[in-house]
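These notes are about the structure you will find just below.
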Amino acid sequence: MSRQITQPVNQVRLTNVAVVRLSRGGNRFEVACYRNKIVNYRQGTETDLSEVLQTTRVFTNVSKGQFAKSSLLEKCFGTSDEEEVCRFILEKGDVQVSDLERNAQLESTIREVASMVSEKCVHPVSRRPYTMAQVRDAMKMAGFMVHPTRNTKQQFLDCVRLLQNTEVLSIERAKMQLALVFLSLEDEEEKSFETRRNAAIEMLVEAGVSENDIQ
């Protein structure tokens, strides 16, 4: 007589997932995510858990499909609310990736940061931008290290600051030209017009624009 083999109810097998792992209280906890959504979540561009997680269940081992028990969650996290625990693991845990995936992520981030530097910065005298190849060489010489899950814009700002401090490149942020047009109001006195102009200049200075750059 044949016997039917069933999968235990506390197990579920998922494939093609990215795993975020956190150790707490001597226990391992994991969540199963979509690969391209973890960075978006940590950067704040994605807040919907259903778009980030394949399931809002907490695992002790994703590859084996083993769920964490509610009593264990309560003991280690002070709550058995799995959605709350999932958010905590997403924010604090380590993304489990292969060496090949990690290298691909790092290369992608390096290209993105170098591209931003090339597009948004110039030589302070010639006002010409640097090529991506020049920027990448300078990043390497300055010892700049990218992080695949950190906000790219912040890494760009950190990179520019490091390049300036180490003087590997003579570089500064490209300046934008901004024109403010003041229309004379009917029967407006010249003093009132000047007051509006001065208020606009004060606003620009407070925003970080040098008075020498205002004409």
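Results, tabulated for the structure shown:
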{"quantity": "Label zone at Asp158 (point 7 Å along Cα-to-Cβ), backbone N below 15 Å, region 34-53", "calculated": "43"}
{"quantity": "Heavy atoms of Arg197: accessible area, 1.4 Å probe, square angstrom to 10", "calculated": "80 Å²"}
{"quantity": "Of Gly93, Pro129, Ser115, farthest towards positive along the dipole that unit charges on Lys, Arg, Asp, Glu beta carbons give region 36-164", "calculated": "Pro129"}
{"quantity": "Cα-projected label distance for Asn198 with Lys175, points at 7 Å along beta-carbon direction, nm", "calculated": "2.4 nm"}
{"quantity": "Candidate residues Met141, Met116: accessible-area rank, largest first, probe 1.4 Å", "calculated": "Met141, Met116"}
{"quantity": "Charged-residue dipole, Cβ positions (Lys, Arg, Asp, Glu), region 7-130 about Cα centre, Debye nearest 20", "calculated": "320 debye"}
{"quantity": "Glu167 - accessible surface, heavy atoms, 1.4 Å probe, Å² rounded to 10", "calculated": "150 Å²"}
{"quantity": "Solvent-accessible heavy-atom area per residue, rounded to whole Å², over region 102-180 at 1.4 Å", "calculated": "66 Å²"}
{"quantity": "Alpha carbon convex hull of region 72-122, volume per residue in cubic angstrom", "calculated": "113 Å³"}
{"quantity": "Accessible area (Å², 1.4 Å probe, nearest 10) - Arg87", "calculated": "80 Å²"}
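The values are calculated or read from the model by the stated rules, or taken from the named source; none is laboratory data. Treat the numbers as computed from the prediction; the structure is a model and nothing was measured. So basically every Cβ, Gly included, is an ideal-geometry build from the backbone, and we count neighbours across all protein chains shown. In case anyone asks, the SASA skips ligands and DNA or RNA and just uses the protein heavy atoms, side chains included. Shrake-Rupley method; radii C 1.70, N 1.55, O 1.52, S 1.80 Å.
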